[in-house]
């Protein structure tokens, strides 16, 4: 694998190979097994032009677990604040000696451009409202570990779909893995063409789904929390009561508690949110390992 920029175009076997690797790494980490250091002597550069907690820290730790040196780019303290172009920043980091770039940016397509400019393997850690492919993989791993299989699951993705890169990956990969996806949200936030059924009525579908995946309102990308949003799409205890007995709730974080999810639901046995975070490191290890082996 040369880059990991998108899940679009990946077949079921491609996705399952990465999920299998991530699952094996999760078991090894949990069991204290010795991890093969596939990135020994390599340098991973994290270029995060947007704030991040879970993704950046898990990529840091994933690279270190595999033996890599890690350098983390701080745009506010870099020459970008002096007018340096994105292209020159990428070329500079490559010239310093980075072997793999992990890139997050507010504009769609920037990780792909960095790959073209530098010739280095690049992981897309989120580009605008487009996609967040490692989040997609860790979500798939979380579901498979919980249910045993993704095949036949019914998922509702709820909220600010128009501005969500998380939704971009899920709507592509989940059907490939055998899940049925319904998009639920205000009319203005539902895509015109997605290939998935859509609904404006959250309560009407709750009894028919296995997974409710809640999205944060992306205020930094134009999402506005309306006065009736919490009543129409917020997820609290009354809506949990409408779910099937074995249905679960997911969220990529950060949580807007009291908006799309209540404290009670976020910390309930129904919630897989903590498991999603735990699966971030082994999933990102699997992707970095695939890139390192692709360079061999």
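Neighbour counts of C-beta atoms inside 10 Å place 220, 260 in the sequence 220, 260, starting with the fewest. Taking a point 7 Å from the Cα of residue 50 along the Cα-to-Cβ direction, the residues of the range 253-270 with backbone N closer than 15 Å to it are 253-255. Each of the peptides 266-275, 40-49 was scored by the mean count of other Cβ atoms within 10 Å over its residues; in descending order, highest first, they stand as 40-49, 266-275. Pair-distance distribution P(r) for the range 233-296, from all Cα-Cα distances in 5 Å bins starting at 0: 4, 16, 22, 17, 12, 9, 8, 6, 5, 2, 0 percent. Pairs of Cα atoms nearer than 8 Å and 6+ residues apart set the relative contact order; for the range 31-161 it is 21 percent. Between helix 165-176 and the chain there is an angle of about 80 degrees, using the helix long axis and the longest principal axis of the Cα atoms.
For the chain, the equivalent ellipsoid derived from the alpha-carbon gyration tensor has semi-axes of 32, 22, 16 Å in decreasing order. For the range 76-138 and the range 10-52, what is the separation of their C-alpha centers, rounded to whole Å? The two parts, judged by their Cα centres, are 19 Å apart. Extending 7 Å from the Cα toward the beta-carbon at both residue 78 and residue 35 defines two label points whose distance is 2.4 nm. In nm, to one decimal, how far is the modelled label at residue 27 from the one at residue 88, with both set 7 Å along Cα→Cβ? Roughly 5.1 nm, to one decimal. Rounded to the nearest 10 degrees, the angle from helix 280-295 to the longest Cα principal axis of the chain is 40 degrees. The average projected area of the range 1-159, computed from the convex hull of its Cα atoms over all directions, is 10.6 nm².
Computed over the range 67-225, the range of Cα coordinates on each principal axis works out to 54, 36, 23 Å, biggest value leading.
Compared with the rule-of-thumb size 2.2 N^0.38 Å for a compact globular protein, the range 133-272 has a Cα radius of gyration ratio of 0.95.
Please report Rg over Rh for the range 38-132, where both radii come from the alpha carbon positions and Rh follows the Kirkwood definition.
0.94
The packing ranking of peptides 240-250, 76-86, 62-72, highest mean first, is 62-72, 240-250, 76-86, where packing means the average number of other beta carbon atoms within 10 angstrom of each residue.
Computed from Cα positions, the angle between helix 12-31 and the longest principal axis of the chain comes to roughly 80 degrees.
Distance between the 7 Å Cα→Cβ label points at residue 200 and residue 13: 4.5 nm.
When only C-alpha pairs under 8 Å and at least 6 residues apart count, what is the relative contact order of the range 133-272, in percent?
In percent, rounded to a whole number, it is 24.
Any read-out appearing in this document is the output of simple, stated calculations on the displayed coordinates, not a laboratory observation. Everything numeric here is computed off the predicted structure, so don't read it as measured data. Backbone-built Cβ (ideal geometry, glycine too); neighbour counts: all protein chains shown.
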